[in-house]
Amino acid sequence: MVLATMIVLCGLASGEVRGGENIWYSTAVPGWGQMRAGHYGRGSLFMGGEIAALTTLMIADIQYHRAVEQYDRAKASYLHATYIGDAVDEYGVMHDRWDSAENLHGIRETALYAAIGIWAVNVLDMVLFDSKEEAPLSISARGDGFLVTGSLSF
Amino acid sequence: MRHFAWYVMGAIAALCISCGTDHQNLPTGFAYDPPPTPTNLLVVGGEERSTITWSYPATARASIGEFRIYEYIASYDMLELIGTAADTVFVDSLLIGNLGYCYKVSAVDTSGFEGWRTESECAFVRSAH
């Protein structure tokens, strides 16, 4: 994955890859370049997948930090306990929060790798399989806004 | 658009780095070795007073700083520390008569760490008149 990303990045930097401007759109927002090229199905798939992965990552990250805070509090209470009953209770809470943080860390990492993977495959898709077809509907950025262009082919 | 794409790639790299941070390690094992729990707790009700006695292993006495005596109010599941003792006897006085009183006792080691409390023992305290 890292190697593929590096190849694409080097290609983009040197300007030796196919796909032209659409690659930069896909690099910025997965699926955008495909949509500009008229491949709405593929574009939606990449964009939807990326949004889902990033949303999962964001939620898991917030919950992970919350679980770590709770774990730190339980750990401090456990380490400063002066009664065996409190120490046993806090030890249990500390373990629960640790397990919770571990699970959320796993989910977070999975979502992160999924987001990077979708992004990399999306860029590779543009580099390797970008066709020069005229898009029936395209959107492009301009200096003062966006330009939506429709075209008919016979 | 090229600049924006580079910003996105930078953001992805930052995301990778920030998500790579892990939480601190879990402390291994249970760190506390509590003093033994007092045994044979006995509460004898008297006239507006109750005498509380208990047993404690002689081998563990050297590591004990004090014993803590709690009044236990069962209806509220509430404990109130009413005193400490260096020996295995405690007298709770100036009580209101014709009421039942329950107690729990625990041992505290010289570092200040308190062991398990006993089960509660109760006695009826008589009025002085």
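Per-structure values
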{"item": "Within the stretch A:12-124, helices (runs of 4 or more DSSP H) holding 3 or more residues that are within 30 Å of B:Asp33 (Cα to Cα), among the charged types (D, E, K, R) and free of Cβ contacts under 8 Å to residues at least 60 places away in the same chain", "result": "A:40-79"}
{"item": "Residue in the stretch A:1-12 that is surrounded by fewer than 19 Cβ atoms within 10 Å (Cβ to Cβ), aliphatic (A, V, I, L, M) and modelled with pLDDT of 90 or more present", "result": "no"}
{"item": "Boolean, A:Val68 is under 36 Å from the mean Cα position of the chain (by Cα) and away from chain B (no Cβ under 11 Å)", "result": "no"}
{"item": "The one condition in (1) of a type in the set (A, V, I, L, M, F, W, C); (2) at pLDDT 95 or above; (3) over 30 Å from A:His80 (Cα atoms); (4) not in a strand (DSSP E or B) that B:Phe124 fails to fulfil", "result": "(4)"}
{"item": "Flag if A:Ser138 is away from chain B (no Cβ under 11 Å), in contact (Cβ under 8 Å) with a residue 12 or more places away in the chain, in contact with a strand residue (DSSP E or B) (Cβ under 7 Å, 6 or more places away or on another chain) and not hydrophobic (A, V, I, L, M, F, W, C)", "result": "yes"}
{"item": "When residues of the stretch B:79-121 are limited to those that are surrounded by 13 or more Cβ atoms within 10 Å (Cβ to Cβ) and farther than 18 Å from B:Phe67 by Cα, the one farthest from the other protein chains (Cβ to nearest Cβ)", "result": "B:Gly97"}
{"item": "All strands (runs of 3 or more DSSP E) inside the stretch B:55-116 with 3 or more residues being in contact (Cβ under 8 Å) with a residue 40 or more places away in the chain", "result": "B:64-73, B:99-109"}
{"item": "Some residue of the stretch A:128-144 being part of a helix (DSSP H, G or I), within 15 Å of A:Thr27 (Cβ to Cβ), at pLDDT 85 or above and within 22 Å of the chain's Cα centre (by Cα)", "result": "no"}
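The values are calculated or read from the model by the stated rules, or taken from the named source; none is laboratory data. Keep in mind the model is a prediction, meaning the values are calculated, not measured. In this analysis, Cβ positions are derived from the backbone assuming ideal geometry, glycine residues included, and neighbour counts consider all displayed protein chains.
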